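The structure appears right after this line, and notes come after that.
The values are calculated or read from the model by the stated rules, or taken from the named source; none is laboratory data. Just so it is clear, the structure is predicted and the values come from calculations on it, not from any experiment. Neighbour counts are summed over all protein chains in view; Cβ atoms, including those assigned to glycine, are modelled from backbone coordinates with ideal geometry. Quick note on the areas: whole protein, heavy atoms, side chains included, nothing else; ligands and nucleic acids left out. Shrake-Rupley method; radii C 1.70, N 1.55, O 1.52, S 1.80 Å.
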Amino acid sequence: METNNNETVIEVKDLVTHYGQRKILDGVDLDVKKGEIRVIMGGSGSGKSTLLWHILGLYQPTEGQIKLLGKDIHRISFNEQLQLKQDIGVSFQSGALFSSMTVGENVALPLREFTELDENTIRIISRMKLEVVNLGGFHKLMPSQLSGGMVKRAALARSIVMDPKLLFFDEPSAGLDPVVASEIDDLILSLRDTMGMSMVVVTHELDSAFKIADKITVLDNGKNLITGTVEEIKKSENKRVMDLLQRRSRHDKLNPKDYLKRLTQENYTLT
Amino acid sequence: MTEDFIHFDKNDELCIIYVSGEVDLSNSAEVRKTILSALKTTPEVVVNLAHVEYIDSSGIAAMVEGLQFANSHGKTFGLSKPSKQVRSILELARLDQVFRID
Ligand SMILES: Nc1ncnc2c1ncn2[C@@H]1O[C@H](COP(=O)(O)OP(=O)(O)OP(=O)(O)O)[C@@H](O)[C@H]1O
Ligand SMILES: [Mg+2]
């Protein structure tokens, strides 16, 4: 699909959020264009999943503004919210399916919830999506009869069953073997190219990030450390970014007093 | 009740259904209905997609159902002139290998 227009489809401004007293996101901005694949990277605990949950409106931020498809998600009517839900596909880190339903019923669920399509149409669409993720013919199985990677792929099929405009993936290929992981990358690229979908993809896999990203945003301690094209990220001289690319774990210089407090004080909390 | 986005040319042998614009949840049921009723009265049905800019999965499903109906009733069903974009949507589910496309 043409991606020559400059329409912003995801706009996050100065997002601040706390879990209890702890500041988890500290002024995050994000600007994703139509047809763009934005990859979010960053160390474990840097706030990537938290950012996704907030963009999806599952958590209320302390401060900041979030617009999806031009609409402020905290200021929309019930009907606009319902429409937005249909325009968004989500595949979470845990990628769960409902264990009491067949794979096919799981994939068909959003169609039953949001549309009044004919039964035949619903069956064909959900099986088509299973074909797309290479699970053709698996619709009758129960989730417990699938491997971990197959469950992830089925969850992916469900996330695209409504042909959403926006897709959010939290580690779509974590725990998959390299061949399947690279198939998921190809799928992500063809969803952008054929349907013009815009996506935010959280991943730890560098190869995958470099292959699919139009732009990469690196989070560090709840802050946007850098945003740039793959080339720009690779060239970055920022030490934290370099650490991340080389997969070296970051060791802050130890503060012995603080460390001892953490080990011994009964009421110690992170701030 | 024929909407503007869909019309057809029909004789005893052949019905050509012309669809244009965007096919999505708001109008795919109409496409489905038109295809199935054409197949009931004509031996060959062709859906002309030349002026379709976007087709969603429910629209593709209408074509799939048409083909299935044709095959099981000894009729012929095909697609014609899909744009590059519509063709790539068909390819995503490998349906380019299932439909007769001219
Ligand atoms: N429900 C919660 N309640 C309190 N703190 C939380 C909660 N969820 C996450 N946190 C904290 O928020 C911080 C960011 O967590 P988040 O899950 O967003 O990290 P992440 O970047 O997705 O990490 P990973 O790569 O390991 O998935 C962490 O310090 C975590 O302990
Ligand atoms: Mg996470």
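Just for region B:51-66: of the residues that are more than 10 Å from chain A (Cβ to nearest Cβ) and assigned to a strand (DSSP E or B), which one is farthest from B:Asp24 (Cα to Cα)?
At the first step, the residues of region B:51-66 found to be more than 10 Å from chain A (Cβ to nearest Cβ) are B:51-52, B:66.
The next check asks that each one be assigned to a strand (DSSP E or B); those that pass are B:51-52.
Details: B:His51: 14, B:Val52: 11 Å.
By that ranking, first place goes to B:His51.
Among (1) among the polar types (S, T, N, Q); (2) away from every other protein chain (no Cβ under 14 Å); (3) surrounded by fewer than 16 Cβ atoms within 10 Å (Cβ to Cβ), where does B:Ser26 come up short?
Single failed check for B:Ser26: (2).
Does B:Lys10 satisfy being open to solvent by 30 Å² or more (accessible area, probe 1.4 Å), farther than 23 Å from A:Met162 by Cβ and touching a helix residue (DSSP H, G or I) at 6+ places or on another chain (Cβ under 9 Å)? Full working, then the answer.
Numbers: open to solvent by 30 Å² or more (accessible area, probe 1.4 Å): yes; farther than 23 Å from A:Met162 by Cβ: yes; touching a helix residue (DSSP H, G or I) at 6+ places or on another chain (Cβ under 9 Å): yes.
Yes; evaluated as a whole, the condition is true for this residue.
Can you find, within region A:185-199, the residue that is farthest from ligand 1 (Cβ to nearest atom) among those that are buried (at least 23 other Cβ atoms within 10 Å of the Cβ) and away from chain B (no Cβ under 14 Å)?
The selected residue is A:Ser198.
Quick check on A:Val161: is it within 16 Å of ligand 1 (Cβ to nearest atom), at pLDDT 95 or above and surrounded by 18 or more Cβ atoms within 10 Å (Cβ to Cβ)?
No: the conditions fail for A:Val161.
With A:Lys234, A:Lys239, A:Lys257 as the choices, which residue is touching a helix residue (DSSP H, G or I) at 6+ places or on another chain (Cβ under 8 Å), surrounded by fewer than 16 Cβ atoms within 10 Å (Cβ to Cβ) and either at pLDDT 90 or above or of a type outside the set (S, T, N, Q) (or both)? If you could, list the steps in order and put the result at the bottom.
Details: A:Lys239 fails: touching a helix residue (DSSP H, G or I) at 6+ places or on another chain (Cβ under 8 Å); A:Lys257 fails: touching a helix residue (DSSP H, G or I) at 6+ places or on another chain (Cβ under 8 Å).
None of the others qualify; the one that does is A:Lys234.
Can you tell me which residue among A:Ala154, A:Ala174, A:Ala181 is more than 14 Å from every other protein chain (Cβ to nearest Cβ), aliphatic (A, V, I, L, M) and either within 22 Å of B:Asp96 (Cβ to Cβ) or buried (at least 22 other Cβ atoms within 10 Å of the Cβ) (or both)?
On the way: A:Ala174 fails: either within 22 Å of B:Asp96 (Cβ to Cβ) or buried (at least 22 other Cβ atoms within 10 Å of the Cβ) (or both); A:Ala181 fails: either within 22 Å of B:Asp96 (Cβ to Cβ) or buried (at least 22 other Cβ atoms within 10 Å of the Cβ) (or both).
Sole residue among the options that is more than 14 Å from every other protein chain (Cβ to nearest Cβ), aliphatic (A, V, I, L, M) and either within 22 Å of B:Asp96 (Cβ to Cβ) or buried (at least 22 other Cβ atoms within 10 Å of the Cβ) (or both): A:Ala154.
Could you check how many residues of region B:29-50 are assigned to a strand (DSSP E or B) and either open to solvent by less than 50 Å² (accessible area, probe 1.4 Å) or modelled with pLDDT under 95 (or both)?
At the first step, the residues of region B:29-50 found to be assigned to a strand (DSSP E or B) are B:44-50.
Now restrict to residues that are either open to solvent by less than 50 Å² (accessible area, probe 1.4 Å) or modelled with pLDDT under 95 (or both): B:45-50.
Qualifying residue count for the region: 6.
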